[in-house]
1. Taking Rh as the Kirkwood radius, which is the inverse of the mean 1/r over Cα pairs, what is the Rg/Rh value for the range 265-316?
2. Among the listed pairs Lys10/Lys229; Lys118/Lys215; Lys27/Lys208; Lys114/Lys175; Lys130/Lys221, which are separated by more than 30 Å between their Cα atoms?
3. Compute the separation of the alpha-carbon centres of the range 270-320 and the range 208-222 and state it in Å as a whole number.
4. Where does the chain land at 222 nm, in deg cm²/dmol rounded to the nearest 500, when only DSSP H runs of n ≥ 4 count, each adding -39500 (n - 2.57), divided by all residues?
5. For the chain, return all DSSP H helices satisfying: extent of Cα atoms along own axis at least 24 Å; mean Kyte-Doolittle hydropathy at least 1.6.
6. What do you get for GluC sites (Glu not before Pro) in the range 216-320 restricted to DSSP loop and a cutoff of at most 15 other Cβ within 10 Å of the site's Cβ?
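Here, each number is a calculation from the coordinates, and none is a lab measurement. The shown structure was predicted, so the numbers you read here are calculated from the model rather than taken from an experiment. Don't worry about glycine lacking a Cβ; one is built from the backbone with ideal geometry, like all the others, and counts go over all protein chains shown.
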Amino acid sequence: MTEYNIYDNKRFILDGNGGLSDEDNGKFAIWHNLDYQNPNTYQILIENYQLDPLVVDALCDSDTRPRFVCYDTGILLILRAINLNPGSNPEDMISLRFWIDENKIISLQHRNLKSIKKIADALENNMGPKTPMQCFLTFANAIADVIVKTTNDLTDRTDDIEEEIIDIQDMDDLKIRGEINDLRHEIIALRRYIAPMREVFQNLQLEKNILITPKVKIRLKEVANDVVKSLEDLDYCREHISFYHEELQGRISINMSRIMYIISIFTAIFLPLTLITGLLGINVQGIPMADNEHAFWIVCGIMLLVSLALVYFMKKKRWM
């Protein structure tokens, strides 16, 4: 059975003073929150609000990316919010859709979002938004604040990995490599959706629309600055993580080269000795000193001299 968010089909009547009104007579603006995966949502948007079918299709689309479209009657906005639900990964971002006009704001998402409860509580305490656009800006600020906090945490984790790489002794430590891979995955996934939102907030300021007043533009600019800063932090993390990965791989390669170098020296020294012992070990007539009781020690002496000669040769060639 499909579970819908706890605020699905929740309708709030704004009293214009930061609180809620009990009078649903059309005089006050409303905020209606819906679940875009609820089968009834499409019908509600079409019949109750007479929205354009193209707008409704965009609001209920299962696969979206951050963008906005300004219409004569309102603004369609699609954003992504970081998932802070228990047991979820932050990069598994929540799709958040809006329709805003002078009289209403309709928000749609499938999974629960903390900012919805936060705004609802503020309205109940008469400290909430007064207009539909203010309601959207409150959402935008909440989304940006979480993005900033998350990117700051990623920056701290990136700096911690740098210290771990400096102090690492065991090149076979798989933990540090797993941390680097996980962090790279999170950065890439977050940046995929945060980058388009920068364009949304920056370009929305330039739109000539009755809803986008000078005060709204100022608040949009602040949100855009927060998103831009977060993207810069993600780029910092991505570049440094790539550098740390290359540094770790380089140190592993150097360590492996050193091991192979030592093995090669031993191989070069013992290969001639293996040839001598192989020749003396064949069972044929005519083996020199076969009947000499001191033959074993003589052969050992010859192999020692050969080994010393090889070591001297390698040192002279600076191979050792």
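1. In the range 265-316, Rg relative to Rh is 1.05.
2. Table pairs above 30 Å Cα-Cα are Lys10/Lys229; Lys114/Lys175.
3. Using only Cα atoms, the two centres lie 89 Å from each other.
4. Result for the chain: -19500 deg cm²/dmol, rounded to the nearest 500.
5. Long hydrophobic helices here: 295-316.
6. For GluC sites (Glu not before Pro) across the range 216-320 that sit outside H, G, I, E and B with at most 15 neighbouring Cβ atoms in 10 Å, the list reads Glu293.
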